[in-house]
Amino acid sequence: MIHKNKNYKEYLKLLGIKWYIIWITWFLRTLIPYLILSVLVTIFSFVTLKPRETSAANATFPNGNKAVFQSTQAFLVFSVMFVYSLQCAMFILMLGQMFAKPFVAKIIAILIWIITALSLFSSVSVGGLYFLSIFPNIALQYIIQVNKI
């Protein structure tokens, strides 16, 4: 969104760089931090911790070890996080094109992010959830709901 105020895109076009190269560059700049975070979330969610003391509450875990995901495949968690990362990157690029001022775009993006992060859409029909899945947070909540069943 900063590139709109500084006219980076126009300068790059004047230098003869093709429009699709500019879009791929912005997409990768947006995606790489999310990709790193999805790898870290996947790694840390499978780290097993040994309890400090043995108790009846720890008896429900195999070998007394605790992890966020006990019986889920690591590839499934990584693929969900990676698709979420792709969707976040595309959502940010879409919002960046809708607004001329970066400050307005940031405020709108933060408001949309907070509203969609709340679990307000649990009573929506399946068709409505498919439509609302253009927002990354709602899509991630829907994936988690489907996996709970």
Lone unmet requirement of (1) modelled with pLDDT of 80 or more; (2) of a type in the set (Gly, Ala, Ser); (3) within 24 Å of residue 39 (Cα to Cα); (4) surrounded by 14 or more Cβ atoms within 10 Å (Cβ to Cβ) for residue 67:
(1)
Does residue 72 count as outside any helix (DSSP H, G or I) and closer than 15 Å to residue 143 by Cα?
yes
Odd one out for residue 121, checked against (1) surrounded by 16 or more Cβ atoms within 10 Å (Cβ to Cβ); (2) more than 12 Å from the chain's Cα centre (by Cα); (3) modelled with pLDDT under 85; (4) in a helix (DSSP H, G or I):
(4)
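Looking at region 88-103, can you tell me whether even one residue there is hydrophobic (A, V, I, L, M, F, W, C) and outside any helix (DSSP H, G or I)? First the steps, then the outcome.
Restricting attention to region 88-103, the residues satisfying the condition of being hydrophobic (A, V, I, L, M, F, W, C) are 88-95, 98-100, 103.
With outside any helix (DSSP H, G or I) added as a condition, the list becomes 99-100.
Yes, because at least one residue in region 88-103 is hydrophobic (A, V, I, L, M, F, W, C) and outside any helix (DSSP H, G or I).
The values are calculated or read from the model by the stated rules, or taken from the named source; none is laboratory data. Just so it is clear, the model here is predicted, and its values are computed rather than measured. Positions of Cβ are generated from backbone atoms using ideal geometry, with glycine treated the same way; all protein chains shown enter the neighbour counts.
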